Amino acid sequence: MKIVYATILAAALLGVEHARADSSDSFTGAARDAWITGKIETVYALNRHLNPFAIDTDVEDGAVRLTGTVQSDIDRDLAGELAKGIEGVVEVRNELEVGEDDARAPQGSRAAADEGGERAERSFGAWVDDATTTAAVKSKLIANGNTQGLQIDVDTYDDIVTLSGRVESAEESGLAEEIARNTDGVEDVRNELVVERS
């Protein structure tokens with residue numbers, strides 16, 4: 001099973017490298033839908049919280065339909081948010097069911113990028129833009145039933161969002177990050193959320 005998974009993951013990574021040269025705009029019709037499907041399935045394969053073999057992805061005219069089984073509401077929402085973030089996706093119908101799936105994806109690690117530097121003086125317009133982005137992210141976190149939006153601090157500087165505070169699980173942390181990434185105006189997300197150990 002490990003060899004099969006490694007082979008599929010290697011093929012997916014090769015597909016990502018090849019797709020970097022082409023955007024979804026390079027394809028039309030069924031080819032575009034296949035490109036989107038491949039991107040979504042690659043993202044799921046690389047995500048340590050999702051089992052790509054338990055999620056079925058169907059794409060028609062850019063509309064994504066997710067079916068299958070995940071282990072929690074947070075995993076279901078995470079899969080939906082990841083799909084929304086793929087170029088060319090116009091709609092996501094998340095029909096994933098919560099239950100026990102057989103094999104979880106291998107544990108991975110996510111690299112954290114830290115961009116240092118002094119904060120320069122900002123114009124009023126830039127401050128307003130960042131405040132608007134902060135409010136939008138915060139609203140989406142509060143609206144989602146699987147994130148403790150009131151416990152998550154959101155700060156935006158030059159369209160880079162920093163999430164801090166305490167959450168109950170790594171899945172909740174990942175979901176909060178993807179919600180922030182899929183908010184208009186966000187260029188990058190620094191996830192500094194701390195997972196509470198109970």
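The values are calculated or read from the model by the stated rules, or taken from the named source; none is laboratory data. Keep in mind it's a predicted model, so treat the numbers as computed, not measured. Reconstructed Cβ throughout: ideal geometry from the backbone, glycine too, with neighbour counts over all protein chains shown.
Within region 146-158, can you find the residues that are among the hydroxyl-bearing types (Ser, Thr, Tyr) and either closer than 20 Å to residue 130 by Cα or assigned to a helix (DSSP H, G or I) (or both)? Working first, answer last.
In the first step, residues of region 146-158 are kept if they are among the hydroxyl-bearing types (Ser, Thr, Tyr); the result is 147, 156-157.
Hits for region 146-158 are 156, 157.
So which of 45, 30, 34, 63 ends up being of a type outside the set (D, E, K, R) and closer than 22 Å to residue 170 by Cα?
That would be 45, the only listed residue that is of a type outside the set (D, E, K, R) and closer than 22 Å to residue 170 by Cα.
Out of 150, 163, report the one residue that is more than 13 Å from the chain's Cα centre (by Cα), over 20 Å from residue 48 (Cα atoms), free of Cβ contacts under 8 Å to residues at least 60 places away in the same chain and not assigned by TED's automatic domain parsing to the domain that holds residue 85. Lay out the reasoning, then the answer.
Values: 163 fails: over 20 Å from residue 48 (Cα atoms).
Answer to the selection: 150.
From the list 161, 186, which residue is surrounded by 17 or more Cβ atoms within 10 Å (Cβ to Cβ), among the aliphatic types (A, V, I, L, M) and assigned to a loop (DSSP other than H, G, I, E, B)?
Details: 161 fails: assigned to a loop (DSSP other than H, G, I, E, B).
Just a single option satisfies the conditions, and that option is 186.
Counting only residues that are at pLDDT 90 or above and under 12 Å from residue 37 (Cα atoms), give me the strands (runs of 3 or more DSSP E) lying completely in region 52-133 with at least 3 of them. It would help to see each step written out before you state the result.
Details: elements: 55-60, 63-70, 91-94.
Output list reads 55-60, 63-70.
Please work out which residue is surrounded by the most Cβ atoms within 10 Å (Cβ to Cβ), limiting yourself to region 164-176 and to residues that are assigned to a strand (DSSP E or B) and of a type in the set (Gly, Ala, Ser). Break it down into steps so the answer makes sense when it comes.
Filtering region 164-176 down to residues assigned to a strand (DSSP E or B) leaves 164-167.
Next, from what is left, pick out any that are of a type in the set (Gly, Ala, Ser): 164-165.
Working: 164: 13, 165: 16.
This residue is 165.
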